[in-house]
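**Student:** Before anything else, here's the structure in question.
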Amino acid sequence: MKFKNLAGASAIALTAVIALSSCAATTPTATPTPTAAAVVIDPTLKGIITAGGSSAQSNAQTAWTAAFVAQAAGVTINYDKSQGSGGGVTNWLAGSYDFAGSDSALSADNQTKSQANCGAGGALNLPTYLSGVAIVYNLPGVDLKLSSATLAKIFTLQITTWNDPAIAADNAGATLPATPITAVTRSDGSGTTANFTSYLSQVQPTIFTQTVGSKWPVAGTSGQQGGSGVVNTVKAGVGAIGYADHSSIGTLTAAAVQVGTSKDFVAYSPDGATNAFDIAAVAAPTTAGDLTKKIDYTKITDKASYAIPLLSYQILCTTFKDPAQAKLAKAYIGFIGSDIGQKVAAKNAGSAPIPASILADIQKSLALVK
């Protein structure tokens, strides 16, 4: 499945839906912890929000920004997608950002470091974007299926040509060329890499024995900056294969990925990501109000689920040094974590809506921020 970037006019068109759903958004709600369905954008807000990080969130952030500022014209939102999750967290810890977008929750070490800017309460990881790690490839004429074992061997450079018997076994009847495989990975600190390496390590621990984390751990791949770098490199080279958030793959084709140990190969879909999240996400909070989730990929065995869901966060302080910035960040992230915010992302990035119970928890967590 492929999605176009509709982030311009489509996001702005959705502001009509936002207005209707929030009773025209003429007056800020007096409720201290609104439900996700009742979030209202305060049209009197003014100021600049500076943030950055996850490139997986890029299309969603563009659409969220357009929809938000259409209701609050006095707000400017600068989200730097070029940083990737690792750069976003680094800049946020340094005090340069009001919040960071990251495809991984803060590590224990970074949670401790956050207290320098956030006070003793540290930081909150709020999951606001649910998608999938797409396995993109450039192999004209082939509708590719890949088992988890084959994927692990390709990305650890144990399989090096497209007519390898393991790939042939996954794709019975397909004509596979002897073309060399170019494995394309992220060169920067990437939450998408963290998700993908976690998946490979969990489902194929005897094949993928490398370190799980935001840095790609296997030498010899074609390392590229950002999700766009991976996508463009795969697009430019026949025989290339890489991984990226599904919203960013453009005209590239994504492989259907084996679910569990079954014979089922499932393509990405929003419903498939939601089903996988419902099955595999386990709460792992680090502080009061934190909504970190750990994904147990080994639990994803249902053919109605996509094997590699990607959950992405907004990370912000529990206590801001500047209350005015706290107000702005809370308003914007509150919108992202609302029913309408999720619909904006679904329309423009092909993402899967975060479950309603978690959206309600996001609003409660934001009420703790000051």
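**Student:** Any idea which residue in the stretch 283-307 is farthest from Gln204 (Cα to Cα), counting only those that are under 17 Å from the mean Cα position of the chain (by Cα) and of a type in the set (A, V, I, L, M)?
**Tutor:** So the residue we want is Leu291.
**Student:** Among the numbered criteria (1) of a type outside the set (A, V, I, L, M); (2) out of contact with any Ser or Thr (no Cβ under 8 Å at 6 or more places or on another chain); (3) modelled with pLDDT of 95 or more, which one does Cys317 miss?
**Tutor:** Checking Cys317 against (1) of a type outside the set (A, V, I, L, M); (2) out of contact with any Ser or Thr (no Cβ under 8 Å at 6 or more places or on another chain); (3) modelled with pLDDT of 95 or more, the one that fails is (2).
**Student:** Moving on. Which of the residues that make up the stretch 276-329 are small (Gly, Ala, Ser) and within 28 Å of Ser247 (Cα to Cα)?
**Tutor:** Going residue by residue through the stretch 276-329, those that are small (Gly, Ala, Ser) are 276, 280-281, 283-284, 288-289, 304-305, 307, 312, 324, 326, 329.
Answer for the stretch 276-329, where residues must be small (Gly, Ala, Ser) and within 28 Å of Ser247 (Cα to Cα): Ala276, Ala280, Ala281, Ala283, Ala284, Ala304, Ser305, Ala307, Ser312, Ala329.
**Student:** To continue, here is another question. Could you please find all residues in the stretch 107-138 being free of Cβ contacts under 8 Å to residues at least 24 places away in the same chain and closer than 13 Å to Trp92 by Cα?
**Tutor:** Here is the first cut: in the stretch 107-138, the ones free of Cβ contacts under 8 Å to residues at least 24 places away in the same chain are 107, 109-110, 112-113, 115-116, 120.
Within the stretch 107-138, Asn110, Lys113, Gln115, Ala116 meet the criteria.
**Student:** Based on what the data block shows, is Lys294 of a type in the set (Lys, Arg) and either assigned to a strand (DSSP E or B) or more than 20 Å from Ala120 (Cα to Cα) (or both)?
**Tutor:** On the way: of a type in the set (Lys, Arg): yes; either assigned to a strand (DSSP E or B) or more than 20 Å from Ala120 (Cα to Cα) (or both): yes.
Spelling it out, Lys294 is indeed of a type in the set (Lys, Arg) and either assigned to a strand (DSSP E or B) or more than 20 Å from Ala120 (Cα to Cα) (or both).
**Student:** Going through Asp290, Asp296, Asp339, Asp361 one at a time, which residue ends up being more than 24 Å from Gln111 (Cα to Cα) and acidic (Asp, Glu)?
**Tutor:** Working: Asp290 fails: more than 24 Å from Gln111 (Cα to Cα); Asp296 fails: more than 24 Å from Gln111 (Cα to Cα); Asp361 fails: more than 24 Å from Gln111 (Cα to Cα).
Only one candidate passes the filter, namely Asp339.
**Student:** Sticking with this one: Within the stretch 218-256, how many residues turn out to be out of contact with any Leu (no Cβ under 8 Å at 6 or more places or on another chain) and assigned to a loop (DSSP other than H, G, I, E, B)?
**Tutor:** So the answer is 7.
**Student:** Please find, among Ala168, Ala152, Ala172, the residue that is without any contact (Cβ under 8 Å) to a residue 24 or more places away in the chain, on the phi < 0 side of the Ramachandran plot, outside the structural domain of Ile49 (by TED's automatic domain parsing) and part of a helix (DSSP H, G or I).
**Tutor:** Numbers: Ala152 fails: without any contact (Cβ under 8 Å) to a residue 24 or more places away in the chain; Ala172 fails: part of a helix (DSSP H, G or I).
Every option except Ala168 fails the conditions.
**Student:** Also, quick follow-up: Taking Ala178, is it in a helix (DSSP H, G or I) and surrounded by fewer than 16 Cβ atoms within 10 Å (Cβ to Cβ)? Walk me through how you get there before you give the answer.
**Tutor:** Working: in a helix (DSSP H, G or I): no; surrounded by fewer than 16 Cβ atoms within 10 Å (Cβ to Cβ): yes.
In short, no.
**Student:** How many of the residues in the stretch 300-320 are surrounded by fewer than 22 Cβ atoms within 10 Å (Cβ to Cβ), under 26 Å from Gly95 (Cα atoms) and not polar (S, T, N, Q)? Reasoning before the result, please.
**Tutor:** Initially, the stretch 300-320 is screened for residues surrounded by fewer than 22 Cβ atoms within 10 Å (Cβ to Cβ), giving 301-304, 319-320.
Then keep just the ones that are under 26 Å from Gly95 (Cα atoms); that gives 319-320.
Within this subset, residues satisfying the condition of being not polar (S, T, N, Q) are 320.
Counting residues in the stretch 300-320 that are surrounded by fewer than 22 Cβ atoms within 10 Å (Cβ to Cβ), under 26 Å from Gly95 (Cα atoms) and not polar (S, T, N, Q) gives 1.
**Student:** Could you run through the stretch 54-82 and say how many residues are within 23 Å of Ala194 (Cβ to Cβ) and free of Cβ contacts under 8 Å to residues at least 60 places away in the same chain?
**Tutor:** Count: 3.
**Student:** If Tyr268 satisfies every condition in (1) assigned to a strand (DSSP E or B); (2) surrounded by 22 or more Cβ atoms within 10 Å (Cβ to Cβ) but one, which is the exception?
**Tutor:** Unmet condition: (1).
**Student:** In the stretch 184-213, what count of residues is obtained for those that are crowded, with 21+ Cβ neighbours inside 10 Å, in contact with a helix residue (DSSP H, G or I) (Cβ under 6 Å, 6 or more places away or on another chain), at pLDDT 95 or above and more than 17 Å from Ala307 (Cα to Cα)? Can you show your working first?
**Tutor:** Of all residues in the stretch 184-213, those crowded, with 21+ Cβ neighbours inside 10 Å come to 184-186, 188-197, 199-200, 203, 208.
After this cut, where a residue has to be in contact with a helix residue (DSSP H, G or I) (Cβ under 6 Å, 6 or more places away or on another chain) as well, the list is 184, 186, 188-191, 199-200, 203, 208.
Now drop any that are not at pLDDT 95 or above, which leaves 184, 186, 199-200, 203, 208.
Retained after the next criterion (residues that are more than 17 Å from Ala307 (Cα to Cα)): 184, 186.
Total satisfying the criteria: 2.
The values are calculated or read from the model by the stated rules, or taken from the named source; none is laboratory data. Computed from a predicted structure; not experimentally measured. Cβ: placed from backbone, ideal geometry, glycine included. Neighbour counts: every protein chain shown.
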